[in-house]
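Input: a single structure, listed below in structure tokens.
The values are calculated or read from the model by the stated rules, or taken from the named source; none is laboratory data. Source: prediction; values computed, not measured. When we count neighbours, we look across all protein chains shown, and the Cβ atoms used for this are built from the backbone with ideal geometry, even at glycine.
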């Protein structure tokens, strides 16, 4: 079997006495959606921060595309193709949707030290950005400042940015949060198609979406992975039912 | 002789440091609780000095002057907090900087208007005049020792206030979670005014005490304010302990640097050149120390958890 | 054209017309007032790159202003006394040479200050830039070779090939041309890739890092360029007054540069121009009425901060627009 795109081994992170991540090993393979679920405070977001590099790693190993990236900063990991969206939507609010995506295209081209050419007339930025907006269905909102987009539209924009970055793997932190039923359904079908492009590590509370999308599910409780496997296995795992779904064993 | 000079300068450094602590404690407390950067803190120092000098001249009593400095600075602080500062809590730092810069202009011109452009002078109270013989053959001014004593007492008092009293509990709660103390039913507006007035009173106290060592004049607070910034940057914003350690470090480094650097340079390049270059380098020393500390710890020595 | 563009053109033409109107009215003193406006505007244009576009509230730009001033003063005094500066490098009384030296010296200082202070943010950044500027201020005071506290006089205004800089209007036009060149540069930068990254880092640092652009390098470059522009303004200021002193580096100067930008409109291309015109006019008009003009400046500034955040351009042209 080929090496996983993203391979996390024995990752640990402590805040004082509290182990927020406790010896976690998970991986992400080509073409799949791997969902990470668990009750509030289980350490899902901490884990995402560790993988994306915004938290210092603690101990353990993070390999991405065959290389150890544990010592790299956020920007460098992103440059290597680790695309991440935020639990709390995080955009450059004054810029239009288009300029938000253009910035990602610019980052991908690796050329921010250019001082004279006007970006809005630079088709090597505008065209790929528009294409990404079209793919998420935001093309008609391209000129609207990000701050004025609706909650669901900002989520779509987040994904357009990740697309424009040409990411080799996506880390999506609760993309369904705050979406209406309609929006969730549209996003679910979009993510379903997205996995063909690059695998997705998905943190999500919306169980309908998780069970509809995930190829594999890992359950995180108190920083530990208590179960990991295919959807049906997890659904029927007694330990998961007790610890997470709150049912008696 | 050299040892005596060293001890004397060391004490001067501690006295300077303690005075910086009085300034820095208020600044760091106000930042920690209200998230506000206050450039006008030096103006409150000036208010304290002027109040002390004026009342002491009018009544002939330094002690009444000292009391007046506390009252005047606290009152000025409370008034400014209620009229201007209060509107700045939710604003970004640029707004805070500009508004408090404007307050400096207003305070300075208003003081010049009232007291004129000539400096006032404040005498050391007779009770604290003269010098004390210390071991090592040092004769050290009693008044400066008294400043050190007052500074240490204030540091202890602040420590007890914050760790042992109800007000201190509220202050600590305010530092960690602003919304929570609202939920606890604490009147947050009053708390903020009290904290601001307390910081102002400390600045006023520092101004009054230093007023007897230097002349009392408009603009006297600003160099001290900037040094107090260096202190809290070194110590970590929001930390009283950091302010204390940082203040002593800055006070001693600056004083000893001015004494020792020219001497050390004289040994290398000869006394004629050394005086000028040494003085110039000594004036940069604390900023270099600040840069070095920041290079290792960008949030200061005792940074409060984010 | 947007209202902002129209207003910008009006501002530029107003400043250009001012000295000629002054000459026509037989009031040559006003020429130096207009020159002062242009120089302060140039200094603030430099700061605006860091503060307005980059969101970096530098309270230390007086250091770069002063370093530029001293570059002019020191080079000119060595040229005048025909003493070599260092290892047989001569001084210079030619403005283009002086500007380059001023920009390089200020840029180097900005690199040193920026490299340390940009590791921090928020209030730390404000206080650290303030502290480092103060360091240069005290250094200038205690360094005896170039006048120390008393400052340094420039015997004759430095020259420019083919022009007579002693003629006030000629010197104004030199300053005005540099101001326009700097505005042109900032206009290009604002709409460039670099400008996009810089402005995005102001709005959301985490996002910029997350897409793979390291904000530190972008900001450091902006900070250095910003210091260089302000440094050139300092050299011009020294030539205007034919005098440099440590007060050019004082923290009041840093504060005034920020005030200029805010009075004019933060983050607006012509904000510093509007601010400088307004500031020098206020100083002149209020200063003519009362000795206490700083008191009123304080009150006006307080009013602007509390109630009119957009400054003059915000008042005239409304909120800024991004593409």
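Which one is farthest from residue A:5 (Cα to Cα), of the residues in segment A:192-206 that are assigned to a loop (DSSP other than H, G, I, E, B) and in contact with a strand residue (DSSP E or B) (Cβ under 8 Å, 6 or more places away or on another chain)? Write out each step before concluding.
Within segment A:192-206, the first condition is being assigned to a loop (DSSP other than H, G, I, E, B), and the residues that meet it are A:195-199, A:204-206.
Narrowing the set further to residues that are in contact with a strand residue (DSSP E or B) (Cβ under 8 Å, 6 or more places away or on another chain) leaves A:195, A:198-199, A:204-205.
On the way: A:195: 13, A:198: 9, A:199: 8, A:204: 21, A:205: 24 Å.
It comes out as A:205.
Just give me the residues in segment C:121-155 being assigned to a loop (DSSP other than H, G, I, E, B), in contact (Cβ under 8 Å) with a residue 40 or more places away in the chain and more than 20 Å from residue C:178 (Cβ to Cβ), in sequence order. Can you show your working first?
Of segment C:121-155, the ones assigned to a loop (DSSP other than H, G, I, E, B) are C:121, C:143, C:147, C:151, C:154-155.
Of the ones still in play, those that are also in contact (Cβ under 8 Å) with a residue 40 or more places away in the chain are C:121, C:147, C:151, C:154-155.
Correct list: C:121, C:147, C:151, C:155.
Here's a check for you: in segment A:58-86, which residue that is in a loop (DSSP other than H, G, I, E, B) and in contact with a helix residue (DSSP H, G or I) (Cβ under 6 Å, 6 or more places away or on another chain) is farthest from residue A:200 (Cα to Cα)? Can you show your working first?
At the first step, the residues of segment A:58-86 found to be in a loop (DSSP other than H, G, I, E, B) are A:58, A:65-66, A:69-73, A:80-81, A:85-86.
With the extra rule that they be in contact with a helix residue (DSSP H, G or I) (Cβ under 6 Å, 6 or more places away or on another chain), the set shrinks to A:69, A:85.
On the way: A:69: 18, A:85: 11 Å.
Out of the qualifying residues, it is A:69.
Those residues that are buried (at least 17 other Cβ atoms within 10 Å of the Cβ) and in contact with a strand residue (DSSP E or B) (Cβ under 8 Å, 6 or more places away or on another chain), I need them from segment B:125-141; list them, please.
B:140, B:141
Do the conditions hold for residue A:140, that is, is it loosely packed, with under 15 Cβ neighbours inside 10 Å, in the same structural domain as residue A:128 (by TED's automatic domain parsing) and more than 27 Å from residue A:20 (Cα to Cα)?
Working: loosely packed, with under 15 Cβ neighbours inside 10 Å: yes; in the same structural domain as residue A:128 (by TED's automatic domain parsing): yes; more than 27 Å from residue A:20 (Cα to Cα): yes.
Taking the combined requirement at face value, the residue satisfies it.
Please determine whether any residue of segment B:200-218 is within 13 Å of chain C (Cβ to nearest Cβ) and surrounded by fewer than 23 Cβ atoms within 10 Å (Cβ to Cβ).
Of the residues in segment B:200-218, the ones within 13 Å of chain C (Cβ to nearest Cβ) are B:218.
Add one more test, that the residue is surrounded by fewer than 23 Cβ atoms within 10 Å (Cβ to Cβ), and what stays is B:218.
Within segment B:200-218 (the criterion being within 13 Å of chain C (Cβ to nearest Cβ) and surrounded by fewer than 23 Cβ atoms within 10 Å (Cβ to Cβ)), the answer is yes, since at least one residue qualifies.
Please give the helices (runs of 4 or more DSSP H) falling wholly within segment C:202-285 in which 1 or more residues are at pLDDT 90 or above, under 24 Å from residue C:136 (Cα atoms) and under 13 Å from the mean Cα position of the chain (by Cα). Reasoning before the result, please.
Values: elements: C:205-210, C:215-241, C:251-264.
Hits in segment C:202-285: C:215-241, C:251-264.
Given (1) at the interface with chain C (Cβ under 9 Å from one of its Cβ atoms); (2) surrounded by 18 or more Cβ atoms within 10 Å (Cβ to Cβ); (3) within 21 Å of residue A:54 (Cα to Cα), where does residue A:73 come up short, assuming only one miss?
Among (1) at the interface with chain C (Cβ under 9 Å from one of its Cβ atoms); (2) surrounded by 18 or more Cβ atoms within 10 Å (Cβ to Cβ); (3) within 21 Å of residue A:54 (Cα to Cα), residue A:73 violates only (2).
Count, please, the residues in segment C:205-250 that happen to be under 30 Å from residue C:95 (Cα atoms) and in contact with a strand residue (DSSP E or B) (Cβ under 6 Å, 6 or more places away or on another chain).
3
Does residue A:81 qualify as being on the phi > 0 side of the Ramachandran plot, touching a strand residue (DSSP E or B) at 6+ places or on another chain (Cβ under 8 Å) and more than 8 Å from every other protein chain (Cβ to nearest Cβ)? Full working, then the answer.
Numbers: on the phi > 0 side of the Ramachandran plot: yes; touching a strand residue (DSSP E or B) at 6+ places or on another chain (Cβ under 8 Å): yes; more than 8 Å from every other protein chain (Cβ to nearest Cβ): yes.
Judged against the criteria, residue A:81 is a match.
Among the residues of segment A:205-217, write down those that are more than 12 Å from residue A:32 (Cβ to Cβ) and either surrounded by 20 or more Cβ atoms within 10 Å (Cβ to Cβ) or not assigned by TED's automatic domain parsing to the domain that holds residue A:195 (or both).
First pass over segment A:205-217, keeping only residues more than 12 Å from residue A:32 (Cβ to Cβ): A:205-212.
Answer for segment A:205-217, where residues must be more than 12 Å from residue A:32 (Cβ to Cβ) and either surrounded by 20 or more Cβ atoms within 10 Å (Cβ to Cβ) or not assigned by TED's automatic domain parsing to the domain that holds residue A:195 (or both): A:209, A:210.
Listed here are the residues, each with its yes/no results for (1) within 20 Å of residue C:37 (Cβ to Cβ); (2) crowded, with 23+ Cβ neighbours inside 10 Å.
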site: C:164; (1), (2): no, no
site: C:185; (1), (2): yes, no
site: C:198; (1), (2): no, yes
site: C:204; (1), (2): no, no
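Sort out which residues of segment B:88-130 are in a loop (DSSP other than H, G, I, E, B), more than 22 Å from residue B:213 (Cα to Cα), over 23 Å from the mean Cα position of the chain (by Cα) and more than 10 Å from chain C (Cβ to nearest Cβ), and write them in order of number.
Taking segment B:88-130 and keeping what is in a loop (DSSP other than H, G, I, E, B), we get B:89-92, B:116-119, B:121-125, B:129-130.
From the residues that got through so far, the ones that are more than 22 Å from residue B:213 (Cα to Cα) too are B:89-92.
Filter once more, keeping what is over 23 Å from the mean Cα position of the chain (by Cα): B:90-92.
Within segment B:88-130, B:90 is the sole residue that qualifies.
Could you list, in sequence order, the residues of segment B:118-170 that are in contact (Cβ under 8 Å) with a residue 24 or more places away in the chain and within 18 Å of residue B:24 (Cα to Cα)?
Residues satisfying the conditions are B:147, B:148, B:150, B:151, B:152, B:154, B:155, B:158, B:159, B:162.
Of the residues A:55, A:36, A:65, which single one is within 15 Å of the chain's Cα centre (by Cα) and in contact (Cβ under 8 Å) with a residue 12 or more places away in the chain? Break it down into steps so the answer makes sense when it comes.
Working: A:55 fails: within 15 Å of the chain's Cα centre (by Cα); A:65 fails: within 15 Å of the chain's Cα centre (by Cα).
Going through A:55, A:36, A:65 in turn, just one is within 15 Å of the chain's Cα centre (by Cα) and in contact (Cβ under 8 Å) with a residue 12 or more places away in the chain: A:36.
Among the candidates C:72, C:76, C:109, which residue alone is within 14 Å of chain B (Cβ to nearest Cβ) and either in contact (Cβ under 8 Å) with a residue 24 or more places away in the chain or farther than 19 Å from residue B:280 by Cβ (or both)?
Numbers: C:72 fails: within 14 Å of chain B (Cβ to nearest Cβ); C:76 fails: within 14 Å of chain B (Cβ to nearest Cβ).
After ruling out the rest, the residue left standing is C:109.
If you go through segment C:114-132, how many residues are buried (at least 18 other Cβ atoms within 10 Å of the Cβ) and more than 9 Å from chain B (Cβ to nearest Cβ)?
3
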